[in-house]
1. State which residue is nearest to E59 (Cα to Cα) when the search covers only region 123-140 and only residues that are open to solvent by 10 Å² or more (accessible area, probe 1.4 Å) and touching a residue at least 40 places away in the same chain (Cβ under 8 Å).
2. Checking the structure you have, find out if any residue of region 143-158 is under 26 Å from G22 (Cα atoms) and in contact (Cβ under 8 Å) with a residue 24 or more places away in the chain.
3. Does any residue of region 130-146 turn out to be in contact with a helix residue (DSSP H, G or I) (Cβ under 7 Å, 6 or more places away or on another chain) and closer than 30 Å to V32 by Cα?
4. Search region 157-168 for residues being under 14 Å from G108 (Cβ atoms) and modelled with pLDDT of 90 or more, and hand back the single one that is surrounded by the most Cβ atoms within 10 Å (Cβ to Cβ).
5. Identify all residues within region 22-33 that are surrounded by 15 or more Cβ atoms within 10 Å (Cβ to Cβ), under 20 Å from E85 (Cα atoms) and not aromatic (F, W, Y); write none if there are none.
6. In region 55-75, what residues are touching a Gly at 6+ places or on another chain (Cβ under 6 Å) and more than 18 Å from D130 (Cβ to Cβ)?
7. Among the residues of region 28-44 satisfying the criterion of being more than 19 Å from N68 (Cα to Cα) and in contact (Cβ under 8 Å) with a residue 40 or more places away in the chain, which is farthest from the chain's Cα centre (by Cα)?
Amino acid sequence: PLGGATMVVNIVAFHWGDWPMGEVRRLYRDLVKHTTVPFSFIVLNGEPEYLPRNLRKMEMFKPGLFRNQVFCFDLDTRIVGNIDEILSYRGDFATLQDWYEDAPAAGGGIVSFRPHVALSRVLWTPLQMDLAKCLKVSKGGSERYWYRAQLGTDIDYFQDMYPGYMSW
């Protein structure tokens, strides 16, 4: 940050289907209540529509969409305490570890990333090139399987970095 200014982070939520808009407003209120970190709140509607529902989250990896660190919270995320420490993350990619897997494996629910072209080439561009292959790799359109296939297990996991926080 220039001149000691605090960097504004981008907080993304996806709204589509039958999720009530009230859940988007609730997430925003939770964020305002539980962080002092400056943020921009962006709601995406999950374009393009030809992608299965959860793979539409890959829209946030479109090149040029964001410049600062991005945090994406699923609408069923409940924030019940201060998350300033979590919002200080500035790594390339982090997500929750899947609770149902014995070995480290990308989950979902909360994702953070530093926008850059290399990440877009891995997570966004292949969806534009060969959707059928992507659907197979992602087991029908699950973002967690897509992250695993494209990024492997050498990623940051929120539970490891911030062990005092719980999610299930």
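The values are calculated or read from the model by the stated rules, or taken from the named source; none is laboratory data. This is a predicted model, so every value here is computed, not measured. Cβ atoms come from the backbone with ideal geometry, glycine included; neighbour counts cover every protein chain shown. Accessible surface areas use protein heavy atoms only, side chains included; no ligands, DNA or RNA. Shrake-Rupley method; radii C 1.70, N 1.55, O 1.52, S 1.80 Å.
1. Let us first name the residues in region 123-140 that are open to solvent by 10 Å² or more (accessible area, probe 1.4 Å), namely 124-126, 128-133, 135-137, 139-140.
In the following step, the residues that additionally are touching a residue at least 40 places away in the same chain (Cβ under 8 Å) were identified as 124, 131, 135, 140.
Details: W124: 7, L131: 14, L135: 15, G140: 17 Å.
Taking the candidates together, the pick is W124.
2. Restricting attention to region 143-158, the residues satisfying the condition of being under 26 Å from G22 (Cα atoms) are 143-144.
Then drop every residue that is not in contact (Cβ under 8 Å) with a residue 24 or more places away in the chain, which leaves 143-144.
Looking for residues that are under 26 Å from G22 (Cα atoms) and in contact (Cβ under 8 Å) with a residue 24 or more places away in the chain, one finds at least one in region 143-158, hence yes.
3. Within region 130-146, one or more residues are in contact with a helix residue (DSSP H, G or I) (Cβ under 7 Å, 6 or more places away or on another chain) and closer than 30 Å to V32 by Cα.
4. From region 157-168, those under 14 Å from G108 (Cβ atoms) are 157-159, 167-168; that's our starting set.
Restricting the remaining residues to those that are modelled with pLDDT of 90 or more gives 157-158.
Working: Y157: 17, F158: 20.
My answer is F158.
5. Residues of region 22-33 that are surrounded by 15 or more Cβ atoms within 10 Å (Cβ to Cβ), as a first pass: 23-24, 26-28, 30-31.
Narrowing further to those that are under 20 Å from E85 (Cα atoms): 27-28, 30-31.
Passing the criteria: L27, D30, L31.
6. Taking region 55-75 first, the residues touching a Gly at 6+ places or on another chain (Cβ under 6 Å) are 55-56, 74.
If the condition is that a residue be touching a Gly at 6+ places or on another chain (Cβ under 6 Å) and more than 18 Å from D130 (Cβ to Cβ), then D74 is the only one that fits.
7. The residue in question is K33.
Residue by residue, here is whether (1) of a type outside the set (K, R); (2) over 21 Å from D156 (Cβ atoms); (3) loosely packed, with under 14 Cβ neighbours inside 10 Å holds:
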| position | (1), (2), (3) |
| --- | --- |
| P20 | yes, yes, yes |
| V37 | yes, no, no |
| L55 | yes, yes, no |
| R67 | no, no, yes |
| Q97 | yes, no, no |
| E101 | yes, no, yes |
